[in-house]
Amino acid sequence: MTNENMTKKKPSGVSRRTFIKGTGAVAAAAAVGGIGITAGMPDVVEGAPVDLSNAKTFTSSCAMECLHHNLKGYVVDGKLVKVETGDDTTKACLRGISRTQWVNNPDRPKMPMLRTGEKGEGKWKEISWDEATDLIVTKIKETQSELGNQGITYKGGSGNFGALTGGVAGAFFNYLGGYTPIVGSLCCQAVTSTMTPMLGTRYEDTRDTIQDSNYIIVWGTNPAVTMQSYFSKYQEAMSKGARLITIDPRLSETAAKSDEWITILPGTDTALGLGMLKIIIEEKLYDQGFLLKHTGVPFLVDKATGDQVKAEDNDTSYMVYDQISKSIVPHDQEGISPALRLDGTPIAEQYNTVFELIYNEAKIWTPEKVQEETDVPAGKVVLLAHEYATAKPAMIVQNMGSFQRTEYGSYAVGVQFYLAAFTGNFGKAGGGVCDAGGVGTTIKVKTAIPSPKPQGEFGQIPSPKLGEYILADKPNKIGFMWVLTTSLMTQFPNTAAVKEALKKIPFVVVVDSLMTSTALYADLVLPCTTIFEDTNLLAHNRSHLVQLMEKAVEPPGEAKSDLEIFTMLAKKLGFGEAFDKSPEEFIEICLEGTGITLEQLKQGPVSPMPQPYIPYPDGKFRTPTEKAELFMPAWKSKGFNPVVTYIRPNEFINGDQALAEKYPLMAVQRKTNRTIHSTFGNLPWISESTRSKAQVLIHPDDASARGIKSGDKVVAYNDRGEHHCIANVQAHIKKGIVALENGWWEQQGGSSSYVTNDFVEPLSGGHSNNNTLVQIRKEA
Ligand SMILES: Nc1nc2c(c(=O)[nH]1)N[C@H]1C(S)=C(S)[C@@H](COP(=O)(O)OP(=O)(O)OC[C@H]3O[C@@H](n4cnc5c(=O)[nH]c(N)nc54)[C@H](O)[C@@H]3O)O[C@H]1N2
Ligand SMILES: Nc1nc2c(c(=O)[nH]1)N[C@H]1C(S)=C(S)[C@@H](COP(=O)(O)OP(=O)(O)OC[C@H]3O[C@@H](n4cnc5c(=O)[nH]c(N)nc54)[C@H](O)[C@@H]3O)O[C@H]1N2
Ligand code: SF4
Ligand SMILES: [Mo]
């Protein structure tokens, strides 16, 4: 990628670090009411008018797991007084604007806080950084001598995607000699582990061309809320005649704006996808040219071994049956005509094609059988298949959706890619499958501090089983834990076990800028900076921009960045040198080889991506064969079918019957516009403009059967625990299903993760929280 190919974003109206004359920017209070930019109004910040005529401006990025909007912050007398959309193509939301209330939050820890009461009690005393780092060094050394490095673990999450945050933690613990890793993303492990081998990359988003689509299936995701600043593009597509279809058990904000709302039982999306594929194959609605040229479906699979047949001496060449020479030849040989099916050929006895294996799984899913399993009416299955296959270009929006946080969610991810490949929708404006996307597809940003190799053997803790594993000393006893950029007590399933695990671990350090639910269970809380308080680089997978995050204000008290904290500790532990550089020096290292420089970023964000970005242009995938490889050896090696298969979930109304009798309601999760997971939810503007209590959406029939009315305090519960919330009784959800909300704090009544399924999705190691069974009762 050369500099010429990179698009310098248009400069903002006002250059950074210049003094602003005049008013006319966003009135924050007005934005709360959704009014947006109101030129000519006085700037109102936290209820009081503020004179911005002498403000200095800085840019940063809204760096938690959302769209990484470029933000512009106004600083008056050393205080961040206002935040608005910076140099970005879409608008920041109320959460981003509310960052002033995060930065200036009076409840932020200002010094290291050492626990003085019981864990969870919230009793602390402030200590100095010197005392805190000495104590940490002592605890690390004690753990190393008692348990070995296996006794150390750390968990990072989605709180800050800056290049100088999460990656630095990995380097630190590897410099220590290694640790027991907590593996598997609770977000999108099923997407990563399916998409990467199948298509060659992840984070390939189609958001630049949503408006060019003729037909959009929003499948188990809710972009009107979870990708909200792009939603106008869906509406633009609709105004040009596109049909918008939403598949969701709940009348989501997106479903409400769609042409069709198709309800489905959670965890059954694969069966629907296979049913569509059956129709597409049997009615020959598939794009044969695309399949032959751009996918591995003609590759031969040996019936005896179940493996694809590779060409000798070439690991990226697969054997196919050539219909011209009537022989088995490498797929990349010139002048051949590979067969999709082998029936009638002399090799049919010994081989299948990948196409045949896929069809074998799809053909059992008649529309009637799909209806039985998924509750999607048979007629709708037929309609969906016909419309999706014929209304080109057609797009599937997946965006790390809920459907894949289910028991065999990897297959649901796979079937969406099958559908797009069979209909030849990849690589075209308005087509494809929309993942969360970002610059990682186009440039490779280096890690700031390369990790040394860990010494010794380390077992793993699967994220969904975090609590259970630690309580059972699996794979070994844990004596020291470090937590940064994640909230274990709100986001990890089986919260009751997570809480006990945090109590059990002799020393837990939580680094955060607020006293979160997880901080409550720490032995030591280290106060960290937020955006606008330190320098960082945002070049990750949610935005098409590479952004410099500038320091605009001093943090409160003695809060420090994660990088500064690790640097201090590394010095005390004898490996300080690797960590001892300024953020700017590290950023320069990260940018090496990208063609982007720090100087360039000081002028504003840079987009290294072609515009519009179209993943896999001309059907060229990023796999070794440059084809979509729809057969997955990785699934086979785990003992599963290497092509997409429907497996009925266990924690499901038609799964484990004893469990379903005890807990007859299927609870799905939803993300709200209040928060990004657990962040923002404590800020006054958010509570004032939305709600301050968790809700459960429940169908009127299910509610009346339990004597529940809207507004009642209720408890959703199962064997794992209880989630306390307020009933919202409406027919906006399928009967038998309830929707619980993501991200509520312990201090606000507790997270829905107290009840969520902690089953480890076996194909990927991911999260199954949307296959959860509960019962609901009125609070006594
Ligand atoms: N406002 C906001 N935006 C966010 C986030 C946030 O926390 N808040 N988080 C970001 C992150 S990290 C992610 S991963 C994305 C996720 O974004 P989404 O996947 O859109 O988020 P959810 O609200 O969890 O789920 C979307 C819908 O899936 C439905 N659903 C649940 N289970 C199933 C199922 O089995 N099948 C089908 N078909 N539908 C099902 C739910 O009813 C819900 O309406 O959003 C990102 N954007
Ligand atoms: N019940 C339920 N559970 C879920 C989901 C659900 O829908 N329902 N969704 C799942 C999904 S999709 C995801 S992505 C995960 C997300 O789960 P997490 O990654 O745990 O996300 P957050 O809750 O936002 O936690 C981020 C934390 O990082 C802190 N933070 C922010 N900036 C910094 C920083 O610079 N340094 C440090 N040290 N900390 C910082 C924030 O204050 C916050 O406490 O949750 C998963 N869990
Ligand atoms: S929370 Fe998300 S949508 Fe809102 S400003 Fe931040 S990145 Fe943008
Ligand atoms: Mo996520």
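Every number in this text was worked out from the coordinates using simple rules, so none of it is lab data. Every value quoted in this text rests on a predicted model; they were computed, and no experiment measured them. We place every Cβ from the backbone using ideal geometry, glycine too, and count neighbours over all the protein chains shown.
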- With x for Gly and Pro, the residue-by-residue ³J(HN,Hα) of the range 185-190, computed from phi through the Karplus equation 6.51 cos²θ - 1.76 cosθ + 1.60 at θ = phi - 60° and given in whole Hz, is 6, 7, 8, 8, 4, 5
- Query: So how tilted is helix 378-390 from the main axis of the chain? Cα-based, degrees 0 to 90, rounded to 10.
  - Reply: 90
- For the chain, give the magnitude of the charge dipole about the Cα centre (Cβ charges: +1 Lys/Arg, -1 Asp/Glu; no others), in debye to the nearest 20. 1280
- Task: Using the structure shown, select from Lys734/Lys778; Lys79/Lys119; Lys72/Lys240; Lys499/Lys735; Lys693/Lys778; Lys233/Lys693 the pairs with a Cα to Cα distance greater than 22 angstrom.
- Result: Lys79/Lys119; Lys72/Lys240; Lys499/Lys735; Lys233/Lys693
- Message: Rounding to the nearest 10 and keeping the result within 0 to 90°, find how far the Cα-based axis of helix 562-573 lies from the longest principal axis of the chain.
- Response: 80
- If you project the alpha carbons of the range 487-641 onto the principal axes, what extent comes out on each, in Å, largest first? 54, 50, 31
- Query: Mean shadow of the range 402-522, computed from the convex hull of its alpha carbons, in nm²?
  - Reply: 11.4
- Roughly what % of Cα-Cα distances in the chain sit above 54 Å, to the whole percent? 9
- Linear extension gain, Gln775 paired with Lys709, 0.36 nm per residue minus alpha-carbon span: 22.2 nm
- Task: Please report the relative contact order for the chain, taking Cα pairs under 8 Å with a sequence separation of at least 6, and give it as a percent rounded to a whole number.
- Result: 19
- Query: Dividing the alpha-carbon radius of gyration of the range 657-756 by 2.2 N^0.38 Å (N being the number of residues), what value is obtained?
  - Reply: 1.07
- Message: Can you give me the distance in nm between label points at Ser53 and Lys240, each placed 7 Å from the Cα along the Cα-to-Cβ direction?
- Response: 4.6
- Query: Using +1 on the beta carbon of Lys and Arg, -1 on that of Asp and Glu, and nothing else charged, what's the dipole of the range 220-315 about the Cα centre, debye to 20?
  - Reply: 400
- Item | Computed magnitude of the charge dipole of the range 657-756 (debye, nearest 20; Cβ of K, R +1, Cβ of D, E -1) | 180
- Task: Could you tell me how many degrees, from 0 to 90 and to the nearest 10, lie between the Cα long axis of helix 269-282 and the main elongation axis, the longest principal axis, of the Cα atoms of the chain?
- Result: 30
- Using only the C-alpha atoms of the range 590-740, find the volume of their convex hull and express it per residue in Å³. 264
- Note on the structure: Of all DSSP beta bridges with both partners in the range 450-552, the antiparallel percent, nearest 5, is 25
- Query: Between Asn360 and Lys123, what length comes free when the chain is fully extended (0.36 nm per residue of separation minus the Cα-Cα distance, one decimal in nm)?
  - Reply: 79.2 nm
- Query: Toward the positive end of the charge dipole of the chain, about the Cα centre and with charges on Cβ (Lys, Arg +1; Asp, Glu -1), which of Asn214, Ser751, Met195 goes farthest?
  - Reply: Ser751
- Message: Take Asp701 and Asp343, extend 7 Å from each Cα along the Cα→Cβ direction, and tell me the distance between the two endpoints in nm.
- Response: 4.1
- Message: Based on the alpha carbons, how large is the Rg to Rh ratio for the range 164-214 when Rh follows Kirkwood?
- Response: 1.18
- Counting helices only, and only those DSSP H runs with n ≥ 4, report the 222 nm mean residue ellipticity of the chain as the sum of -39,500 (n - 2.57) divided by its residues, in deg cm²/dmol to the nearest 500. -7000 deg cm²/dmol
- Rank Ala256, Tyr321, Phe422 by how far each Cα sits towards the positive end of the charge dipole of the chain (+1 on Lys, Arg Cβ; -1 on Asp, Glu Cβ) and give me just the farthest. Ala256
- Item | Distance in nm between pseudo-label sites at Asp315 and Lys504 (7 Å out along the Cβ direction from Cα) | 4.0
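May I ask you to compute the full-extension gain from Asp618 to Gln747, defined as 0.36 nm times their residue separation minus their alpha-carbon distance, rounded to one decimal in nm? Mind showing how you got there, number by number?
Working: separation 129, 0.36 × 129 = 46.44 nm, distance 5.15 nm.
Full-extension gain reported as 41.3 nm.
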- Query: Which Cys in the chain stand alone, with every other cysteine's Cβ at 4.7 Å or more from theirs?
  - Reply: Cys62, Cys66, Cys93, Cys434, Cys528, Cys590, Cys725
- Can you run the Rg to Rh ratio on the range 42-180? Use alpha carbon positions and the Kirkwood inverse-distance Rh. 1.08
- Query: Ordered by residue, what ³J(HN,Hα) values in Hz, to whole numbers, does the range 148-156 give under the Karplus form 6.51 cos²θ - 1.76 cosθ + 1.60, where θ = phi - 60° and Gly and Pro are x?
  - Reply: x, 5, 4, x, 9, 9, 9, 9, x
- Item | Considering only the chain, percent of DSSP beta bridges that pair antiparallel, nearest 5 | 55
- Task: Using +1 at the Cβ of each Lys and Arg and -1 at the Cβ of each Asp and Glu in the chain, identify which of Val760, Thr645, Tyr717 lies farthest towards the dipole's positive end.
- Result: Tyr717
